[in-house]
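Asks: Would you mind keeping the following structure in view while I ask a few things?
The values are calculated or read from the model by the stated rules, or taken from the named source; none is laboratory data. This is a predicted model, so every value here is computed, not measured. Neighbour counts are summed over all protein chains in view; Cβ atoms, including those assigned to glycine, are modelled from backbone coordinates with ideal geometry. All accessible areas refer to the heavy atoms of the entire protein, side chains included, with ligands and DNA or RNA removed. Shrake-Rupley method; radii C 1.70, N 1.55, O 1.52, S 1.80 Å.
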Amino acid sequence: MTRVLHVLDHSLPLHSGYTFRTRAILKAQQALGIEVRGITGLRHLAEGPSPEEADGLLFHRTAGEAGGLPGLREWREIGLLADAIGKVCDEWRPDVLHAHSPALCGQAAARVARARGIPFVYEIRAFWEDAAVGNGTGREGSVKYQLTRALENSVVAAADAVVTICEGLRSDLVARGVSPERITISPNGVDLALFGTPVPRDPALAAELGLGAKDAWGPVIGFIGSFYDYEGLDDLIAAMPALIARQPDARLLLVGGGPREAALKAQAEASPAAAAIRFVGRVPHHEVERYYALTDVLAYPRKASRLTDLVTPLKPLEAMAQGKLVAASSVGGHRELITDGLTGTLFASDDPQACAEALANLLADRSSWDERRSLARAHVAANHDWARNVQRYQAVYQSLLGSKPAGHSAAAA
């Protein structure tokens, strides 16, 4: 039986898009008969034992602290993670090291793989220099940006195989000179067995949130996720007065939190449509489906940037799996997931008026809703169900292991 050690930035029991994708991958691989474990670096900040079991998965932790000036600190961080990976290899003897971005994880895994002769897969979920720009902690073209990009390139060069989550990232790597044959796409996905059966709408919760009169619920536009600047929620709030002018009963439900939360609340309070906007805050992951059930349309007004053009988000796929209509800005990551007029509605990015018009037109044409919802869910089932996606990893592992027996790799210690 093949053993795969996944090298991660952070993991369950923390909740994030990163940890949910990881969980989906590892659970789907378990279902195929692959033995899996995870190991996290120093940026997994939650307290807990090592190893730690979460949701039936085992995660090892990296101990210690990495101090010093920027650059030296990260180099020490890589070293501590590499040491921790080596200890797990001594004990468990994995056949494959599968590291997931950021490049700090990849660099640590590459060191161990090279020293021990273990096949090394590197998976890129986003270019972290662009993610830093998107969340306001970095600046495009800065020294840090260039160094992060260079480290990423070095990890890609060291990997036996590379995986990305979408065509946008793959095309960018090919433009950098990476051979297309070395890159496999494993797209974002949804565990339809876990998340594919919508729960009924809760009238009491709807009434508590003031989403319409008891016998005449207004159409609800929803956003469920993190409040980063690149998500464009300021444009969605700015679109509400024009939407209300055409759909007076419409409501906007914002579920989540993040760096832009205070600014967005202030913007909403000052809006002529303030009475139609609801902030819920963060909710436990096991309750998210209750809030999906309250919505008619999920809106994703992402702003145009390298990050949003290259990376496909998970949330629109979750909405489609829940049988919801999707409206999204026409950035590259959305265009890769959504066919305008069939599986969703696309509108110009960074344009509140275009957002308002697209939402108003969608709400006005209910005759197309059932067909759109059906097409969108079928698209997720055919192209983004983890039960299918996981086969892509199996092909990568088999190509690297060839006829070598399971358990051989770490014997080179």
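Asks: Which of the residues spanning segment 133-161 are touching a Ser or Thr at 6+ places or on another chain (Cβ under 7 Å) and either at pLDDT 95 or above or assigned to a strand (DSSP E or B) (or both)?
Replies: Matches in segment 133-161: Ala161 only.
Asks: Just to be sure, is Glu47 over 18 Å from Gln394 (Cβ atoms), open to solvent by 50 Å² or more (accessible area, probe 1.4 Å), out of contact with any Pro (no Cβ under 6 Å at 6 or more places or on another chain) and not in a loop (DSSP other than H, G, I, E, B)?
Replies: It is false that Glu47 is over 18 Å from Gln394 (Cβ atoms), open to solvent by 50 Å² or more (accessible area, probe 1.4 Å), out of contact with any Pro (no Cβ under 6 Å at 6 or more places or on another chain) and not in a loop (DSSP other than H, G, I, E, B).
Asks: Can you go through Ala327, Ala274, Ala321 and tell me which one is over 30 Å from Asn383 (Cα atoms) and among the hydrophobic types (A, V, I, L, M, F, W, C)?
Replies: On the way: Ala327 fails: over 30 Å from Asn383 (Cα atoms); Ala321 fails: over 30 Å from Asn383 (Cα atoms).
After ruling out the rest, the residue left standing is Ala274.
Asks: May I pose another question? When segment 360-391 is examined, which residues are found to be within 18 Å of Gln322 (Cβ to Cβ), open to solvent by less than 70 Å² (accessible area, probe 1.4 Å) and among the charged types (D, E, K, R)?
Replies: Arg372, Arg373, Asp385
Asks: Shifting gears a bit: For segment 339-348, check the following and say yes or no: at least one residue is touching a helix residue (DSSP H, G or I) at 6+ places or on another chain (Cβ under 6 Å), among the acidic types (Asp, Glu), open to solvent by 10 Å² or more (accessible area, probe 1.4 Å) and not in a loop (DSSP other than H, G, I, E, B).
Replies: no
Asks: Let me ask something else about it. Residue under question is Glu318, and the condition is that it be in contact with a helix residue (DSSP H, G or I) (Cβ under 8 Å, 6 or more places away or on another chain) and either of a type in the set (Ser, Thr, Tyr) or open to solvent by 40 Å² or more (accessible area, probe 1.4 Å) (or both); does it hold?
Replies: no
Asks: Could you give every pair whose Cβ atoms fall below 7 Å, whose first residue belongs to segment 102-131 and is more than 21 Å from Asp83 (Cβ to Cβ), and whose second residue is charged (D, E, K, R) and open to solvent by 20 Å² or more (accessible area, probe 1.4 Å), counting only separations of at least 6 or pairs across chains?
Replies: Pairs that qualify, where the first residue is more than 21 Å from Asp83 (Cβ to Cβ) and the partner is charged (D, E, K, R) and open to solvent by 20 Å² or more (accessible area, probe 1.4 Å), are Glu129/Arg149; Asp130/Arg306.
Asks: Return the residues of segment 385-413 that are closer than 23 Å to Val190 by Cβ and either at pLDDT 95 or above or assigned to a helix (DSSP H, G or I) (or both); say none if nothing qualifies.
Replies: Trp386, Ala387, Arg388, Asn389, Val390, Gln391, Arg392, Tyr393, Gln394, Ala395, Val396, Tyr397 - these are the residues of segment 385-413 that are closer than 23 Å to Val190 by Cβ and either at pLDDT 95 or above or assigned to a helix (DSSP H, G or I) (or both).
Asks: Take the residues in segment 311-336 that are within 13 Å of the chain's Cα centre (by Cα) and of a type in the set (A, V, I, L, M), then tell me which one is nearest to Leu264 (Cα to Cα).
Replies: Taking the candidates together, the pick is Leu314.
Asks: Further, regarding this structure: Among Arg282, Arg290, Arg278, Arg260, which is the only one that is among the basic types (Lys, Arg), open to solvent by 10 Å² or more (accessible area, probe 1.4 Å) and closer than 26 Å to Thr343 by Cα? Talk me through it step by step, then tell me what you get.
Replies: Working: Arg282 fails: closer than 26 Å to Thr343 by Cα; Arg278 fails: closer than 26 Å to Thr343 by Cα; Arg260 fails: closer than 26 Å to Thr343 by Cα.
Arg290 is the lone residue from the list that is among the basic types (Lys, Arg), open to solvent by 10 Å² or more (accessible area, probe 1.4 Å) and closer than 26 Å to Thr343 by Cα.
Asks: Further question on the same structure: Can you name the condition, by its number, that Glu74 falls short on among (1) in a loop (DSSP other than H, G, I, E, B); (2) open to solvent by 30 Å² or more (accessible area, probe 1.4 Å); (3) in contact (Cβ under 8 Å) with a residue 24 or more places away in the chain?
Replies: Exception for Glu74: condition (1).
Asks: Let me ask another. Residues of segment 168-216 being under 30 Å from Leu254 (Cβ atoms), modelled with pLDDT of 90 or more and open to solvent by less than 20 Å² (accessible area, probe 1.4 Å), which ones?
Replies: Within segment 168-216, Gly168, Leu169, Pro187, Asn188, Gly189, Val190, Leu205, Ala206 meet the criteria.
Asks: Listed residues Thr22, Thr2; which is in contact with a Leu (Cβ under 8 Å, 6 or more places away or on another chain), of a type in the set (S, T, N, Q), open to solvent by less than 10 Å² (accessible area, probe 1.4 Å) and on the phi < 0 side of the Ramachandran plot?
Replies: Result of the check over Thr22, Thr2: Thr22.
Asks: Considering only residues that are more than 17 Å from Pro94 (Cβ to Cβ) and in contact with a helix residue (DSSP H, G or I) (Cβ under 7 Å, 6 or more places away or on another chain), which ones fall in segment 42-62?
Replies: Leu42, Asp55
Asks: Within segment 105-122, identify whether any single residue is crowded, with 16+ Cβ neighbours inside 10 Å and among the charged types (D, E, K, R), and answer yes or no.
Replies: yes
Asks: Which ones in segment 256-302 are under 18 Å from the mean Cα position of the chain (by Cα) and in a loop (DSSP other than H, G, I, E, B)?
Replies: Gly258, Pro259, Arg282, Val283, Pro284, Pro301, Arg302, listed by residue number.
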